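Notes to accompany the following structure.
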Amino acid sequence: MNAIIHAIKDHEEFIITSHEHPDPDSLGSMLGLYFGLKQLGKSCRVVSSDPPPENLDWPGLDLIEVLPDGLDNIGDAWIIVLDCEPSRTGILSVTLQQSDRIINIDHHRGNAYRNPTTHINSTEAATAVMVYRLLKSLGVTLTREIATSLYAGIVGDTGGFRYANTTAETLMIAAELMQHGVDHASINRQIFASQSMEFMKLLGYALSNLKSDLDGRLVWMELSYDDFQRFGTDPNTTDQLVQYARMVNSAVIAILFREASPGEVRVGFRSDYIDVGALASQLGGGGHRLAAGAKIQGRLEEVVELVLSKARNYLNEVEHS
Ligand SMILES: [Mn+2]
């Protein structure tokens with residue numbers, strides 16, 4: 001972290017970015033850092049390969065430059081990649097990976113990127129917590145904008161302080177942020193209870209087709225590209241559907257299959273106590289211990305079959321060890 005603090009203090013120009021299809025933690029981390037660096041008088045851009053989800057609306061989201069065609073000119077700027085490794089920034093990765101001035105801050109265990117200004121800590125609940133610590137070290141004063149951004153990131157990655165990654169310290173940081181005028185009820189509603197009619201109907205369809213195996217310990221949902229088309233929903237902004245599979249009381253591993261485009265299936269895993277990150281990495285994916293995913297090429301039926309057979313073996317192995 002010291003090398004990162006020095007790199008920030010010693011330079012003036014920064015481009016902040018995060019993973020494709022940004023979530024509340026990546027958005028909150030980017031904006032919290034953006035407002036903090038502006039306070040220090042730095043010149044700063046926030047860029048993303050994809051727009052923020054439509055249900056989110058908090059101060060600063062409109063400052064994010066959405067660049068579906070990639071980043072053309074990075075000049076002398078330092079690139080700060082948050083909440084993922086540089087290769088997961090979508091189309092932006094093409095340009096930014098050529099830079100030798102990359103700062104990477106992340107809490108994903110599988111992040112394999114390493115340089116002198118990389119800081120990865122998989123015990124952190126959210127990248128927003130890591131940005132909070134960084135801003136404190138830089139002497140930044142918390143403002144309503146910074147606090148709102150970081151709060152949204154923490155709330156997003158802890159499921160509203162419900163997941164196992166929430167600690168007493170997480171709550172203390174959130175409490176401190178709330179003292180700076182965060183409209184927490186609005187943020188929580190935006191993240192957890194603000195869906196389009198189309199999404200709700202898709203959810204109804206997904207729930208009525210919920211499947212299970214191994215006496216209900218494995219529960220999954222399958223949505224084809226056609227399903228998303230039929231309900232008028234974007235497959236890329238529906239990752240939270242997996243939470244509903246996880247709610248089944250017998251479920252040990254919950255899986256969501258989304259055919260994001262014909263021939264490409266995004267697979268999401270959740271568990272309350274089994275290391276699904278290890279299962280995801282068997283399939284070329286990654287993530288956290290209790291929340292992970294993979295992107296797999298193939299027809300939906302094929303991918304479902306492959307993943308379920310791996311998941312059955314994995315669950316049997318883990319439960320008998
Ligand atoms: Mn995160």
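Just so it is clear, none of the values below were taken in a lab; they were calculated from the coordinates. Predicted model, so just to flag it, every value in this text is computed and none were measured. All Cβ positions, glycine included, derive from the backbone under ideal geometry; neighbour counts span all protein chains shown.
A few remarks follow.
- With the cut-off at under 13 Å, measuring from each backbone N in region 34-64 to a point 7 Å along the Cα-to-Cβ line of residue 12 picks out 41-44.
- Counting only DSSP beta bridges whose two residues both lie in region 197-319, roughly 75 percent are antiparallel.
- The chain: projected area of the alpha-carbon convex hull, averaged over directions, in nm²: 16.1
- When the alpha-carbon atoms of region 242-321 are used, the pair Rg, Dmax equals 11.9, 38 angstrom.
- Put a plus charge on the Cβ of each Lys and Arg, a minus charge on the Cβ of each Asp and Glu, and nothing anywhere else: the dipole of region 179-321 about its Cα centre is then about 200 debye.
- Inter-label distance, residue 230 to residue 94: 3.5 nm, where each label sits 7 Å from its Cα along the C-beta direction.
- Charge dipole of region 197-319 about the Cα centre (unit charges at C-beta), most positive-ward option of 267, 252, 210: 252
- Angle between the chain longest axis and helix 144-157 axis [Cα atoms, degrees, rounded to 10]: 20
- Among residues other than residue 243 with Cβ under 11 Å from its Cβ, the summed charge is +2 (Lys and Arg +1, Asp and Glu -1).
- For region 132-175, trypsin sites (Lys or Arg not before Pro) are listed when DSSP marks them as loop and at most 15 other Cβ atoms sit within 10 Å of their Cβ; the list is 162.
- Each Lys and Arg contributes +1 and each Asp and Glu -1, all at the Cβ; summed about the Cα centre of the chain, the dipole is approximately 640 debye.
- Extension gain, residue 299 to residue 141, is 51.8 nm, computed as 0.36 nm per intervening residue step minus the present C-alpha separation.
- Lysines with Cα under 29 Å of residue 201, excluding same-chain neighbours fewer than 8 positions away: 211, 295
- For residue 194, net neighbour charge (Lys/Arg +1, Asp/Glu -1) across residues whose Cβ lies under 14 Å away: -3
- Our coupling estimate for region 279-293, obtained by passing each phi through the Karplus curve with A = 6.51, B = -1.76, C = 1.60 and θ = phi - 60°, is 5, 4, 6, 4, 9, x, x, x, x, 9, 5, 9, 8, 8, x Hz, Gly and Pro reported as x.
- Reachable lysines, given that their alpha-carbon falls under 17 Å from the alpha-carbon of residue 38 and they are not under 8 places away in the same chain: 9, 136
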